[in-house]
Amino acid sequence: MQSKIEGALKNTTGLERRLRELIRVKFIHFAPNRGVLRTLLRNGADPKHPLSPFSPETEEIRDIDIAWFRRILIDCGVRIPRDLEPDLPGILWFFQMGVIFFWVIDGSPEQTHSHRVLDLGAKSVTWVGRLLKQASGDLLKSAAAAESNEVGSRPMLLFGEQLFDARAVR
């Protein structure tokens with residue numbers, strides 16, 4: 001799949017288009033096994049299950065995937081405030097996981113609803129990227145602190161009943 005992603009991103013510019021292409025490559029790649037993925041959803045959300053994308057056993061795959069999001073941000077020249085820089089690729093990975101989850105259970109013809117969710121989500125991410133460029137560091141820090149669940153000095157994301165260290169998904 002890595003070469004498919006590389007090929008899709010090669011001539012694609014802009015954050016919105018690159019995010020869409022990266023996830024569309026995955027839709028195409030996983031399409032023949034969509035039914036299997038639906039079955040795996042039962043265990044996939046449990047970070048203790050070895051097949052879960054959140055488990056220690058899948059860390060290498062997750063890291064490769066997050067690296068693609070980091071690369072997209074760098075290639076698009078998105079200036080990220082220093083305090084968000086380590087976390088933003090992981091947050092985009094979570095965005096992708098939500099879109100793929102929706103795609104797996106989407107019963108619309110040819111998953112048209114999923115493609116619409118992806119288009120709207122990519123536009124939203126781009127809009128947030130523009131806000132990041134315009135926002136001052138102090139304003140952004142205040143918003144990030146208010147929106148995140150802080151445990152010590154590490155931003156944590158609530159997943160089910162567990163806190164998930166956002167920096168651990170780098």
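The residues listed here are 85, 110; of these, the one that is modelled with pLDDT of 65 or more and either on the phi > 0 side of the Ramachandran plot or in contact with a strand residue (DSSP E or B) (Cβ under 7 Å, 6 or more places away or on another chain) (or both) is 110.
When 66, 28, 80, 72 are checked against the criterion of being under 26 Å from residue 110 (Cα atoms) and out of contact with any strand residue (DSSP E or B) (no Cβ under 8 Å at 6 or more places or on another chain), a single residue qualifies: 28.
Could you please let me know if residue 32 is part of a loop (DSSP other than H, G, I, E, B) and of a type outside the set (D, E, K, R)? Walk me through it before giving the result.
Details: part of a loop (DSSP other than H, G, I, E, B): no; of a type outside the set (D, E, K, R): yes.
Spelling it out, it is not the case that residue 32 is part of a loop (DSSP other than H, G, I, E, B) and of a type outside the set (D, E, K, R).
Only residues that are surrounded by 16 or more Cβ atoms within 10 Å (Cβ to Cβ) and either of a type outside the set (Gly, Ala, Ser) or part of a helix (DSSP H, G or I) (or both) were counted in segment 50-62, giving 4. Screening residue 47 on (1) of a type outside the set (Phe, Trp, Tyr); (2) under 27 Å from residue 128 (Cα atoms); (3) touching a Gly at 6+ places or on another chain (Cβ under 9 Å); (4) touching a residue at least 40 places away in the same chain (Cβ under 8 Å) shows it passes everything except condition (2). Any residue at all in segment 35-49 that is crowded, with 18+ Cβ neighbours inside 10 Å and of a type in the set (A, V, I, L, M, F, W, C)? Within segment 35-49 (the criterion being crowded, with 18+ Cβ neighbours inside 10 Å and of a type in the set (A, V, I, L, M, F, W, C)), the answer is no, since none of the residues qualifies.
In segment 1-24, the qualifying residues are those that are within 14 Å of residue 71 (Cβ to Cβ) and β-branched (Val, Ile, Thr), and the one that is surrounded by the most Cβ atoms within 10 Å (Cβ to Cβ) is 5.
The values are calculated or read from the model by the stated rules, or taken from the named source; none is laboratory data. Values in this document were obtained by computation on a predicted structure and should not be read as measured data. Note: ideal-geometry Cβ built from the backbone for every residue, glycine included; neighbour counts use all protein chains shown.
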